[in-house]
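The values are calculated or read from the model by the stated rules, or taken from the named source; none is laboratory data. None of these values were measured; they are calculated from a predicted model. Heads up, the Cβs are rebuilt from the backbone with ideal geometry, glycines too, and the neighbour counts pull from every protein chain shown. Note: accessible area is taken over every heavy atom of the protein model, side chains too, but ligands, DNA and RNA are not part of it. Shrake-Rupley method; radii C 1.70, N 1.55, O 1.52, S 1.80 Å.
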Amino acid sequence: MEGIKKNLQHMRFNPRNWDRTPIDTLSREMMQIKKPSELNYEVKDMDGVDLLNNIMKQRGAMANYSCSKCSTFDDHFKQTSELMFVKKELERIAYSLSYQSLQFMPEFEDRVRVLKRLRYLGNEDQLKLKGKAACAMSTSELVITELVFDNFFKDLEIEAIVAILSCMVFQQKRCSDPALTPELEAAKKQFLTLAHKIVEAEVAEKLRPNDADFEEQFRFGLVEVVYRWAKGEEFSAIMQYTDVDEGTIVRCITRLDEVLRCIKDVARIVGDVDFETKMERASLTIKRDIVFAASLYVQ
């Protein structure tokens, strides 16, 4: 029985390597078996049982074909099996190269149309300046790129910039409502307007059903805290303006610094030296004290 298993595996997984020896060996061993049901299989061999049952059925049917009595039957069988294998391989390769094999191809095409609508890609799918800028980002690529190219940061003070951007790295759903200055309120409204521009393109290209709840992806709960931190207040002082725990605030500010560095790279790509300098200064306003200490236990 062990010999049959080995030959079945050889024929099953290496059809291109079929030769006369395993076929003859398998045939001789199968001749000694009256019924597959008489064999004592383990559960793990059920695939082998099905395969052997099928082989036994085909062996019985072969008696009705004169070709089985041909002296060159094994050679012809090998050639036919090789031809069948090549056809199957051609079908598999053709399918793998087709759009039908790509499960997410429709969504991909929708996203490409969105990028063209927003002018990240040209008509021939070539990358435009906005697209190159978006490639420099590691998070929220479209939103930040729209902010940059719409001059969202131009008239905002540095502290307001880092405060509003905190909504892109803060993830906690529930926290106390921040008290925003008129400038921050206006910046928040403008931010959501630009973000909604992307949503409108996605809805138009059927990438999302509607624009409901799009604002929920942005959390403004730490805007006041980050604003005060950028203004130079002590960490212990800003804690009284929120119920968010200290560790979450530290993580938010450190991630915010990464976003600022990415935006600085975008400024370099578009060739705006003043904007690049502004982002560098914004990073320095939050990169201080206990938040960026090498170790919270020794400093």
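So, by mean Cβ neighbours within 10 angstrom, what's the order for 201-214, 67-80, 146-159 with the highest one leading? Before the final figure, lay out the partial values.
Values: 201-214: 13.6, 67-80: 11.8, 146-159: 17.4.
Put in order of decreasing packing, that is 146-159, 201-214, 67-80.
Quickly work out the L97-to-T80 label distance, labels modelled 7 Å from Cα along the C-beta direction, and quote it in nm with one decimal.
Taking the two extended label points, one gets 2.9 nm.
So what is the relative contact order for segment 154-240, in percent, with contacts set as C-alpha pairs under 8 Å and at least six apart? Intermediate results must be reported in sequence, preceding the final value.
Working: 74 pairs, mean separation 42.7, N = 87.
Contact order relative to length: 49 percent.
When the Cα centres of segment 68-87 and segment 188-223 are compared, how far apart do they sit, in Å?
Centre-to-centre (Cα) distance: 63 Å.
By how many nm would the segment from D274 to D50 grow when fully extended, if each residue of separation counts as 0.36 nm and the alpha-carbon distance is taken off? Walk me through the numbers on the way to the answer.
Numbers: separation 224, 0.36 × 224 = 80.64 nm, distance 7.31 nm.
Gain on extension, D274 to D50, equals 73.3 nm.
Say the dipole of segment 118-163 comes from +1 at the beta carbon of Lys and Arg and -1 at that of Asp and Glu; which of A134, A160, L147 then lies farthest toward its positive end?
A134
What is the distance, in nm, between label points placed 7 Å from the Cα along the Cα-to-Cβ direction at A204 and at K132?
2.5
With r as the distance between the Cβ atoms of F108 and T72 and R0 = 41 Å, compute the FRET efficiency 1/(1 + (r/R0)^6) and round to 0.05. Could you put the intermediate results ahead of the total?
On the way: r = 52 Å, r/R0 = 1.26.
For R0 = 41 Å, the calculated efficiency reads 0.20.
Going out from 0 in 5 Å bins, what whole percent of all Cα-Cα distances in segment 206-264 drops into each bin?
All Cα pairs, binned at 5 Å, distribute as 4, 15, 22, 21, 13, 11, 8, 4, 2, 0 percent.
Just order 82-90, 126-134, 221-229, 169-177 by mean Cβ neighbour count inside 10 Å, highest at the front, would you? Can you show the working numbers first?
Working: 82-90: 11.6, 126-134: 16.8, 221-229: 24.7, 169-177: 13.9.
Result, highest mean Cβ count within 10 Å first: 221-229, 126-134, 169-177, 82-90.
Which net charge results when you count Lys and Arg as +1 and Asp and Glu as -1 among the other residues whose beta-carbon is under 14 Å from that of D257? All intermediate terms of the calculation are to be shown ahead of the outcome.
Numbers: positive: R251, R255, R261, K264, R281, K287, R288; negative: E258, D265, E280, D289.
After counting each charged neighbour, the total is +3.
Compute the distance in nm between two label points, each set 7 Å from the Cα along the Cα-to-Cβ direction, one at D125 and one at E234.
Label-label distance for D125 and E234, simple model: 5.9 nm.
Take the residue pairs K173/K206; K206/K264; K188/K231; K231/K264; K132/K197; K130/K173 and return only those whose Cα atoms are more than 29 Å apart. Please list the in-between numbers first.
Values: K173/K206 27 Å; K206/K264 33 Å; K188/K231 18 Å; K231/K264 20 Å; K132/K197 19 Å; K130/K173 31 Å.
In this structure, K206/K264; K130/K173 exceed 29 Å between Cα atoms.
With just the Cα atoms defining each centre, how far is segment 242-286 from segment 97-170? Give it in Å.
When both Cα centres are located, 18 Å separates them.
With θ taken as phi - 60° and the coefficients 6.51, -1.76 and 1.60, list the Karplus ³J(HN,Hα) couplings across segment 211-226 in order, rounded to whole Hz; mark glycine and proline as x.
Each residue of segment 211-226 in turn: 9, 5, 6, 5, 5, 5, 6, 10, 10, 9, x, 10, 4, 5, 4, 5 Hz.
Got a number for carbon plus sulfur as a percent of segment 60-218's accessible area, 1.4 Å probe? Write out the running numbers ahead of the final one.
Details: 5430 of 10180 Å².
So the carbon and sulfur contribution to the accessible surface is 53 percent.
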